[in-house]
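The values are calculated or read from the model by the stated rules, or taken from the named source; none is laboratory data. What you are looking at is a predicted structure, and each value in this text was computed from that prediction instead of being measured. Here the Cβ positions follow ideal geometry from the backbone for every residue, glycine too, while neighbour counts run over all protein chains shown.
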Amino acid sequence: MTTFLELHVPGNPLLMPNPWDAGTARVLASLGFQALATTSVGHAATLGRVDGAVTREEALEHAAQIVTAVDVPVSADMERCFGDDPDAVHDFVAAAASTGLAGCSIEDYTGDPDTGLYDVARAADRVRAAAEAAQGMVITARAENFVRLPEPDLGDAIARLQAYQEAGADVLYAPWLRDLGDVARVVAAVDRPVNVLAFPGLGSIAEVAAAGAARISVGGWFSFVALDALVRAARELLDEGSFGYLERVAEGRRQAAAAFTTDGGGRR
């Protein structure tokens, strides 16, 4: 049986979309995706909150719900693993492993825009603690330079990913890379599979694969696309007084019928 980590092949990347609840997880799995990942921003949106406003226990419960809903490996976006010090990270990752997750990510963002990122040594210690607690989970270490800093530094992001590799990370990830050349430089600088976030300007999947990506994820993009569709249908109803959105109902009903179960839980 192919493990989750073995699905990460440089040049032939794993396409890993990010559902935000059990229903969207089942739909995506039914379409043939080999693995899924949770999205912190998508999960927060289901609760009417912004990214970063989900609690530790809510994140664990949400991960468990996604894992239970599908038969494919699930990796969880666990933000900063709900702790500053390595001991807190270790405890949280151990709890995450107990949900049945195949993978878990950890960020080097402090959660405070004023302080930005943890210094490299402390961030690496946190990754090391996550790796020690993983119990077989694939640990994805994230360098948040391009997401969190007003002037991101690719050299610093690469140095961070190299430190996280040495600390035991299985997969490396610098979200919001906007240039294929930057993707190729990251890939060339490390010895672990690299995840790339789908992003405007990166071109096609084939081009991202040629740059050496081993995994491509979509983060919260699908959840925002879904919200856009909801707003468009609602504005048509409210502002135009028409029902044109009903023309798009049939495919959604078909996918729901194909993906959803009747017992309210458990895998298909």
Restrict the check to the range 39-49 and report whether at least one residue is outside any loop (DSSP other than H, G, I, E, B), touching a residue at least 12 places away in the same chain (Cβ under 8 Å) and of a type in the set (A, V, I, L, M). yes
Take the range 67-83 and flag every residue that is more than 26 Å from Ala214 (Cβ to Cβ) and not in a loop (DSSP other than H, G, I, E, B). Thr68
Hey, Arg192 under 24 Å from Ala211 (Cα atoms), part of a loop (DSSP other than H, G, I, E, B) and charged (D, E, K, R) or not: yes
Test of understanding: among Ala64, Ala53, which residue is more than 13 Å from the chain's Cα centre (by Cα), part of a loop (DSSP other than H, G, I, E, B) and at pLDDT 95 or above? Ala53
Answer yes or no as to whether Asp71 is within 23 Å of Asp263 (Cα to Cα), of a type in the set (D, E, K, R) and either out of contact with any Lys or Arg (no Cβ under 7 Å at 6 or more places or on another chain) or surrounded by fewer than 18 Cβ atoms within 10 Å (Cβ to Cβ) (or both). yes
If I ask for residues that are in a strand (DSSP E or B) and within 18 Å of Ile205 (Cα to Cα), which ones from the range 159-184 would you list? Tyr173
First in the range 203-231 and farther than 20 Å from Ile139 by Cβ, second anywhere and among the small types (Gly, Ala, Ser) and surrounded by 18 or more Cβ atoms within 10 Å (Cβ to Cβ), Cβ under 6 Å, 6 or more apart: Gly220/Gly42; Ser223/Gly42; Ser223/Ala45
Just one listed residue, out of Ser223, Ser242, is polar (S, T, N, Q), surrounded by 12 or more Cβ atoms within 10 Å (Cβ to Cβ) and modelled with pLDDT of 95 or more, and it is Ser223
Just one listed residue, out of Ala130, Ala229, is among the aliphatic types (A, V, I, L, M) and in contact with a Pro (Cβ under 9 Å, 6 or more places away or on another chain), and it is Ala130
Looking at Val231, Val187, which is the one that is out of contact with any Lys or Arg (no Cβ under 9 Å at 6 or more places or on another chain), under 28 Å from Pro13 (Cα atoms), at pLDDT 95 or above and not in a loop (DSSP other than H, G, I, E, B)? Val187
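When the residues of the range 245-266 are narrowed to those that are in contact with a helix residue (DSSP H, G or I) (Cβ under 7 Å, 6 or more places away or on another chain) and closer than 30 Å to Asp51 by Cα, which ends up surrounded by the most Cβ atoms within 10 Å (Cβ to Cβ)?
Ala259
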